[in-house]
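Shown next, in structure tokens, is the structure this report addresses.
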Amino acid sequence: RKEVEQDPGPFNVPEGATVAFNCTYSNSASQSFFWYRQDCRKEPKLLMSVYSSGNEDGRFTAQLNRASQYISLLIRDSKLSDSATYLCAVNSGKIYGGSQGNLIFGKGTKLSVKP
Amino acid sequence: NAGVTQTPKFQVLKTGQSMTLQCAQDMNHNSMYWYRQDPGMGLRLIYYSASEGTTDKGEVPNGYNVSRLNKREFSLRLESAAPSQTSVYFCASSRNQGGNYGYTFGSGTRLTVV
């Protein structure tokens, strides 16, 4: 099993739709979880952190399921501007001098929102 | 607030040439990283520097060297470029290695080796 896995998509949805992405991770010791957005030919940008209790930012909701080792991102009322690739990131859980190790990124899920 | 600045943005090299990619951050972050991104492969870690004065290999270090010049700057050097090193290179930084606050990426360098 790869360390971090995502469905590559593409997800093609109409404007206004609700879409959800999942990301599974293999290391149960992982402590930090994130969703990034990457536009075509641009750098990844942090969309939101994922907390144990779940968190919401406007139309975006992120959740963590430690028992099943996955994180999810829900986008409600999709906009054309949400079209991008969404990357999940999970820290490796390895302990180096007390730190939690590096972030490992999924390969991304491509979302295309159509009019 | 510049964040993470990478230079150059584009580069074309001939096989066997060398070059250094520069990266600087102004966020007082301790940790810095170099990734490459290829279609279908996602982001792959080349080298990282958990703190000033330390560097370590990532997933794909062969053919590269790095220097953490000071807390702000982390450079990536290709000694003898190969076509397989054609890629988009991203530098990133974080407050600490665990990335509790996530990573901030530079805008990338598109490198083509012919």
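A few notes on this one:
- Considered as a group, the residues in the range B:49-67 that are in a strand (DSSP E or B), at pLDDT 95 or above and not small (Gly, Ala, Ser) include one that is surrounded by the fewest Cβ atoms within 10 Å (Cβ to Cβ), and that residue is B:ASN65.
- Number of the condition not met by B:GLY106 [criteria: (1) closer than 17 Å to B:ASP26 by Cβ; (2) away from chain A (no Cβ under 14 Å); (3) not hydroxyl-bearing (Ser, Thr, Tyr)]: (2)
- Selection status of B:LEU45, closer than 23 Å to A:GLN6 by Cα and either away from chain A (no Cβ under 11 Å) or not in a loop (DSSP other than H, G, I, E, B) (or both): yes
- Residue in the range B:29-43 that is farther than 23 Å from A:CYS88 by Cβ and surrounded by 14 or more Cβ atoms within 10 Å (Cβ to Cβ) present: yes
- Residue that is modelled with the lowest pLDDT, among those in the range A:55-82 that are part of a loop (DSSP other than H, G, I, E, B) and surrounded by 14 or more Cβ atoms within 10 Å (Cβ to Cβ): A:GLN69
- Among the conditions (1) modelled with pLDDT of 95 or more; (2) buried (at least 18 other Cβ atoms within 10 Å of the Cβ), the only one that A:VAL4 does not satisfy is (1).
- Subset of the range A:7-40 (residues that are assigned to a loop (DSSP other than H, G, I, E, B), at pLDDT 90 or above and either farther than 16 Å from A:ARG66 by Cα or charged (D, E, K, R) (or both)): A:PRO10, A:GLU15, A:GLY16, A:ALA17, A:THR18, A:ASP39, A:CYS40
Conditions (1) within 14 Å of chain A (Cβ to nearest Cβ); (2) within 16 Å of A:GLU43 (Cβ to Cβ); (3) in contact with a Phe, Trp or Tyr (Cβ under 7 Å, 6 or more places away or on another chain), marked per residue:
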| residue | (1), (2), (3) |
| --- | --- |
| B:PRO61 | yes, no, yes |
| B:TYR64 | no, no, yes |
| B:LEU69 | no, no, no |
| B:ALA81 | no, no, no |
| B:SER87 | yes, yes, no |
| B:PHE90 | yes, yes, yes |
| B:ARG95 | yes, no, yes |
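- Residue in the range B:1-18 that is in a strand (DSSP E or B), at positive phi and either surrounded by fewer than 15 Cβ atoms within 10 Å (Cβ to Cβ) or within 13 Å of another protein chain (Cβ to nearest Cβ) (or both) present: no
- Only one entry of B:ARG95, B:ARG110, B:ARG36 meets the criterion of being without any contact (Cβ under 8 Å) to a residue 60 or more places away in the chain, closer than 23 Å to A:ILE104 by Cα and of a type in the set (Lys, Arg), and that entry is B:ARG36.
- Among the residues examined, B:ARG77 does not qualify as basic (Lys, Arg), at pLDDT below 95 and on the phi < 0 side of the Ramachandran plot.
- Among (1) within 27 Å of A:THR109 (Cβ to Cβ); (2) more than 13 Å from the chain's Cα centre (by Cα); (3) crowded, with 17+ Cβ neighbours inside 10 Å - the single one B:THR86 does not satisfy: (3)
- Number of the condition not met by A:GLN63 [criteria: (1) in contact (Cβ under 8 Å) with a residue 24 or more places away in the chain; (2) more than 12 Å from every other protein chain (Cβ to nearest Cβ); (3) under 13 Å from the mean Cα position of the chain (by Cα)]: (1)
- Some residue of the range A:41-53 being modelled with pLDDT of 95 or more and more than 14 Å from B:GLY102 (Cβ to Cβ): yes
The values are calculated or read from the model by the stated rules, or taken from the named source; none is laboratory data. The structure displayed is predicted, hence computed values, not measured ones. When we count neighbours, we look across all protein chains shown, and the Cβ atoms used for this are built from the backbone with ideal geometry, even at glycine.
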